[in-house]
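Taking it in order: structure first as structure tokens, then the write-up.
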Amino acid sequence: MSPVIQGIITIIIGVGGCVGYFYFANLFIDKVLFPARGVNAGRNINRANMIRPWIFLFPAMFALGLYLMYPVVGSFFRSLYDRSGDEFVGLGNYARLFNNPDFRQAFLNNILWALVVPAGATFLGLVIAQLTDRLRWGNIAKSLVFMPMAISFVGASLIWRFVYAQDGDIGIINAIRFYFGAEEGIDPLQIPFWNNFLLMIILIWIQTGFAMVILSAALRGIPEETVEAAIIDGANPFQVFFKIKVPQIMGTIVVVWTTITILVLKVFDIVYTMTGGNFGTEILPSFMMDFMFRDDGQATAVAFVIMLVVLPVMVWNIAQARKEMR
């Protein structure tokens, strides 16, 4: 069967199935389960309104349970067995992980990424959003800053490989060194510790556009009266920005920050493409890949650790979002 026909059939069945489910579920509730007739009509209407949301939510809850909760629980139990999956070792895989210096290095690198990348991307996005709103050609500037968001992580990594190239005719870093008299080129990605920051720059370059768009919309939503009152009181542009505008969009800044943090804790493509996790740049996802095809127990243990690291950030993000809605 042609892929086009398969796609059309899938859309028809999927959309039609959803519409049919909601239509017949509503019909079943109102006509069969709780009919609005007789002496109990009022009570049945209230019961139907109480149960209706749960009936409509059931497909989504079922899908989340099947494709999210079941794999999480299954992965946890799988992490309690050895590489063959036959012998129960309990928390042995986790003990081996935390006794592994490579894992500790990857864990510390992930913390470093989580501290630097969200801060850099959010700060640059906020500054660019403020500056471009004052320019006539601000929309063009925003489009250029946002453009890296359309590039895949692998594609962006390949672009930055040229920036970090050891050849002075291509690599910007070595070109600067040669300009100031250096005789030999270096590979910046092999410099311990600092190579992590060079990789982080790639993700900051990508995510700054995302932060800029969200924060620009938040800045436009600030009431002009507060800004005008601050100017009348003698506030300079820096005071207006940092003491008037930023506090009013702090909720949006927090959401952007935590969203980028969650992305950082799951990033894999950049490290794998640029260094393969070598030269001290290993992070948890790339470390997990090292075990994926030779030790399932260790790989699933690393995956569960990543989930535990991401979970508090997600919970805090949801709590902040709910607080903003009040």
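Since only Ala150, Leu33, Phe279 are under comparison, the one whose Cα sits farthest along the positive direction of the charge dipole of the chain, derived from C-beta charges on Lys, Arg, Asp and Glu, is Leu33.
In this structure, Met149 and Leu33 have a Cβ-Cβ separation that, at R0 = 41 Å, corresponds to a calculated FRET efficiency of about 0.30. Take each peptide in 142-155, 42-55, count the other Cβ atoms within 10 Å of every residue, and average; sorted highest first, the result is 142-155, 42-55.
Apolar share of the accessible surface for the chain: 69 percent from carbon plus sulfur atoms, 1.4 Å probe. Across Pro237, Pro118, Pro192, mean-square fluctuation computed from a Gaussian network of the chain (C-alpha pairs under 10 Å connected) peaks at Pro237. Counting lysine pairs in the chain that sit 8 or more residues apart in sequence, or on different chains, and whose Cα atoms lie under 28 Å apart gives 6. A simple spin-label model places pseudo-atoms 7 Å from Cα toward Cβ; at Phe197 and Lys323 they are separated by 3.1 nm. Please state the shape class of region 3-78: rounded when a/c is under 1.5, otherwise prolate if a/b exceeds b/c and oblate if not, all from the C-alpha gyration tensor. The shape class here is oblate.
Relative contact order of the chain: 23 percent, from C-alpha pairs under 8 Å at least 6 residues apart in sequence. Averaging Cα coordinates gives a centre for region 127-203 and one for region 246-271; these two points are 20 Å apart. How far, in degrees from 0 to 90, does helix 296-325 lean away from the longest principal axis of the Cα atoms of the chain, to the nearest 10? For helix 296-325, the angle is close to 70 degrees.
Taking the average, over residues, of other Cβ atoms within 10 Å as the packing measure, peptides 73-79, 206-212 rank 206-212, 73-79 from highest down. Highest mean packing first, where packing is the average number of other Cβ atoms within 10 Å per residue, the peptides 125-137, 216-228, 264-276 line up as 264-276, 125-137, 216-228. Computed about its Cα centre, the charge dipole of region 51-184 is approximately 660 debye, with only Lys, Arg, Asp and Glu carrying charge at their Cβ.
Its Cα centre serving as origin, the chain has a Cβ charge dipole (Lys and Arg +1, Asp and Glu -1) of approximately 1600 debye.
If you take the beta carbon distance between Arg43 and Leu308 as r and set R0 to 56 Å, what does 1/(1 + (r/R0)^6) give as a FRET efficiency, to the nearest 0.05? The calculated FRET efficiency here is 0.75.
With an a/c value of 1.5 or above and a/b not larger than b/c for the gyration tensor axes a ≥ b ≥ c computed over the alpha-carbon atoms, region 254-326 is described as oblate.
Reported to the nearest whole Å, the Cα centre-to-centre distance from region 73-92 to region 4-19 is 39. Computed over protein heavy atoms with a 1.4 Å probe, the accessible surface of the chain works out to 61 Å² per residue. Between the listed residues Gly85, Tyr23, Phe58, the Cα displaced farthest toward the positive end of the dipole of the chain, a dipole computed from Cβ unit charges relative to the Cα centre, is found at Tyr23.
Given the alternatives (i) 1.05; (ii) 1.66; (iii) 1.34, Cα Rg over 2.2 N^0.38 Å as computed for this entry is given by (iii).
You can think of it this way: the chain between Arg134 and Ile51 has 24.7 nm of extra reach, that is 0.36 nm per residue less the Cα-Cα gap. As an exercise, use a Förster radius of 51 Å and the Cβ-Cβ distance of Phe24 and Thr226 to find the FRET efficiency, rounded to the nearest 0.05. Efficiency computed from Cβ-Cβ geometry: 0.45.
The values are calculated or read from the model by the stated rules, or taken from the named source; none is laboratory data. The shown structure was predicted, so the numbers you read here are calculated from the model rather than taken from an experiment. Quick reminder, even Gly has a Cβ in these numbers, built from the backbone with ideal geometry, and neighbours come from all protein chains shown. Side chains are part of the model used for accessible areas, which takes the heavy atoms of the whole protein and leaves out ligands, DNA and RNA. Shrake-Rupley method; radii C 1.70, N 1.55, O 1.52, S 1.80 Å.
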